[in-house]
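Participant: I have a structure I would like to understand better, so I am pasting it below and will then ask my questions one at a time.
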Amino acid sequence: MLSSTLGRLRVTGFLEGISFLLLLFIAMPLKYMLDFPQAVRVIGMAHGILFIAFVALSAYATISYRWPVRIMFLLWLSSLIPFGTFLADYKLLRNARV
């Protein structure tokens, strides 16, 4: 799965989606309800790195596979919505033309 650009994009999207959900539903409540801000620092840093990797890989895949630019923008938009990268993987990447 990691041997192709599409495989790396799908794995990164999955990890980015998981990190976003952890940030929203675990780390943020820990910070604001239990006064434990370290969770946001750790998970937020991981999420930030994965987010940048997802954006960069989606741009690279768009160029490599000559996808329409709208696919790249839809992938970028999906990374801003909770559960969005999972939906994008299902709708856009699972049967992508490579």
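The values are calculated or read from the model by the stated rules, or taken from the named source; none is laboratory data. Everything numeric in this text was worked out from a predicted model, so none of it was measured. Using ideal geometry, Cβ is built from the backbone for each residue, glycine included, and neighbour counts are taken over all protein chains shown.
Participant: Quick check, is L22 over 20 Å from L77 (Cβ atoms), free of Cβ contacts under 8 Å to residues at least 60 places away in the same chain and either among the polar types (S, T, N, Q) or not in a helix (DSSP H, G or I) (or both)?
Facilitator: The answer is no for L22.
Participant: Could you list, in sequence order, the residues of the stretch 71-97 that are loosely packed, with under 11 Cβ neighbours inside 10 Å and over 12 Å from G13 (Cβ atoms)?
Facilitator: Within the stretch 71-97, L80, N95, R97 qualify.
A quick yes/no check of all residues on (1) in a helix (DSSP H, G or I); (2) at pLDDT below 95; (3) of a type in the set (A, V, I, L, M):
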residue: F36; (1), (2), (3): no, yes, no
residue: R41; (1), (2), (3): yes, no, no
residue: M45; (1), (2), (3): yes, no, yes
residue: G48; (1), (2), (3): yes, no, no
residue: A53; (1), (2), (3): yes, no, yes
residue: L57; (1), (2), (3): yes, no, yes
residue: W67; (1), (2), (3): no, yes, no
residue: W76; (1), (2), (3): yes, no, no
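Participant: I need a count of the residues in the stretch 19-39 that are within 16 Å of P82 (Cβ to Cβ) and surrounded by 12 or more Cβ atoms within 10 Å (Cβ to Cβ). Full working, then the answer.
Facilitator: Taking the stretch 19-39 first, the residues within 16 Å of P82 (Cβ to Cβ) are 19-29.
The next check asks that each one be surrounded by 12 or more Cβ atoms within 10 Å (Cβ to Cβ); those that pass are 19-24, 26-29.
The total comes to 10.
Participant: How many residues does the stretch 78-98 hold that are assigned to a helix (DSSP H, G or I) and farther than 17 Å from I18 by Cβ? Steps first, please.
Facilitator: Taking the stretch 78-98 first, the residues assigned to a helix (DSSP H, G or I) are 78, 84-93.
Now restrict to residues that are farther than 17 Å from I18 by Cβ: 91-92.
Qualifying residue count for the region: 2.
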